[in-house]
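Let me begin by presenting the structure, written as structure tokens, before commenting on it.
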Amino acid sequence: QVQLVESGGDLVQPGGSLRLSCAAPGSIFRIAAMGWYRQAPGKQRELVATITSTGSTNYADSVKGRFTISRDNAKNTVYLQMNSLKPEDTAVYYCHANVNGINYWGKGTLVTVSS
């Protein structure tokens, strides 16, 4: 069974920064398209950012210019650097992997942006 393990969620003030990490098994990481999604209370899960196995990235309009997704193939880890955080970024952030059409999800990490 494929396990994705997120870390880095925390309480941060508006304007602050956080970096989320997601570790994946080496057996899938190098060929997987990785991504981050989020789900705020009372809302549907939404795409935040994705990165292909070759490093191409895609972002939701709401986070462009503030968030950066990256991957370290040597560490089998994908990161989400979040800057200029806003209260509306508050959500549970989920790591996602797509391997040959099969989707895998982490259990999520909570990010709270509040003063």
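The numbers here are math on the coordinates, done by the rules we state, and not lab data. Please read all numbers here as calculations on a predicted model, not as lab measurements. In this analysis, Cβ positions are derived from the backbone assuming ideal geometry, glycine residues included, and neighbour counts consider all displayed protein chains.
When the Karplus curve 6.51 cos²θ - 1.76 cosθ + 1.60 is applied with θ = phi - 60°, which whole-Hz ³J(HN,Hα) does each residue of the stretch 40-56 get, with x for Gly and Pro?
So the J values, rounded to whole Hz, are 8, x, x, 10, 7, 5, 10, 5, 9, 7, 9, 9, 7, 5, 9, x, 6.
What are the ³J(HN,Hα) couplings of the stretch 16-22, residue after residue, when phi is run through the Karplus curve with 6.51, -1.76, 1.60 and θ = phi - 60°? Round to Hz, x for glycine and proline.
Rounded to whole hertz, the list is x, 10, 8, 10, 8, 10, 9.
Of TRP105, THR57, ILE31, which is farthest along the charge dipole of the chain in the positive direction, counting Lys and Arg as +1 and Asp and Glu as -1 at C-beta?
Result: ILE31, furthest along the dipole toward the positive end.
Need the full-extension length gain, SER84 to SER27, defined as separation in residues times 0.36 nm minus the C-alpha distance. One decimal, nm.
17.1 nm
Between SER114 and LEU11, what length comes free when the chain is fully extended (0.36 nm per residue of separation minus the Cα-Cα distance, one decimal in nm)?
Numbers: separation 103, 0.36 × 103 = 37.08 nm, distance 0.71 nm.
Between SER114 and LEU11, full extension yields an extra 36.4 nm.
Counting Lys and Arg as +1 and Asp and Glu as -1, what is the net charge of the other residues whose Cβ lies under 10 Å from the Cβ of PHE29?
Summing Lys and Arg as +1 and Asp and Glu as -1 gives +2.
Would you mind computing Rg(Cα) / (2.2 N^0.38 Å) for the stretch 66-115, counting N as its residues?
1.33
If I model a spin label at GLN1 and ALA74 as a point 7 Å from the Cα along the Cα→Cβ vector, what separation in nanometres do I get?
Reported label-point gap for GLN1 and ALA74 is 3.2 nm.
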